Amino acid sequence: MNEYSRSGRRDRRDAESIEFARDQRKRANEFARAAWQIVRNRQCRRRKFRREHPIPPYTADFCCVELKLIVEVDGESHRTVEGRAHDEKRDRYLAQRGYALVRIPGYQVLRDPSSVRRQIEQAIDQRIEQLGPLTPGPSPPAS
């Protein structure tokens, strides 16, 4: 999806999504901060993850765009009936757009970060297997 409309202006909805994501990064809870330390700087299978990545109308906690892999760190609100219903709707929406999701309980990130890392690495491995070899686009012609 292009972030600019035909007139060359950024779509208002995209701008709002980006601003929301920035705000979320600033206000991250301890679970999200700890999970970010696991996936940042290509520490999991040398894959780049983005933090609070907008996929309108939603925002993914962590997203490897290359693999269309989302890691969600679930806090207390995800354990309510309403939270689970929202997550199911959101997960269906993202799956229809080709994303795979990994949900990790927030407390697990703090209690056992090495198992969380293994879980994310397994999800990366599975995603690579599902998608097949990821080949870079053609090189630009030599000058």
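The values are calculated or read from the model by the stated rules, or taken from the named source; none is laboratory data. No experiment lies behind these values; they were computed from the predicted model shown. All Cβ positions, glycine included, derive from the backbone under ideal geometry; neighbour counts span all protein chains shown.
The number of residues in region 106-138 being of a type in the set (Gly, Ala, Ser), at negative phi and at pLDDT below 90 comes to 1. Scanning region 44-93 for residues that are surrounded by fewer than 19 Cβ atoms within 10 Å (Cβ to Cβ), under 19 Å from Ile124 (Cβ atoms) and out of contact with any helix residue (DSSP H, G or I) (no Cβ under 8 Å at 6 or more places or on another chain) yields Arg46, Arg50, Val65, Glu66, Asp91.
I'd like to know if region 102-109 contains one or more residues that are of a type in the set (D, E, K, R), more than 10 Å from the chain's Cα centre (by Cα) and either farther than 26 Å from Asp14 by Cα or surrounded by 13 or more Cβ atoms within 10 Å (Cβ to Cβ) (or both).
yes
Within region 96-106, being in a helix (DSSP H, G or I) and under 17 Å from Phe62 (Cβ atoms) holds for one residue alone: Gly106. What about Gly98, is it without any contact (Cβ under 8 Å) to a residue 60 or more places away in the chain, out of contact with any strand residue (DSSP E or B) (no Cβ under 7 Å at 6 or more places or on another chain) and over 22 Å from Asp14 (Cα atoms)? When the stated conditions are applied, Gly98 does not pass them. Screening Arg33, Arg40, Arg51, Arg84 for residues that are modelled with pLDDT of 75 or more, closer than 24 Å to Arg111 by Cα and not in a helix (DSSP H, G or I) leaves exactly one candidate, Arg51.
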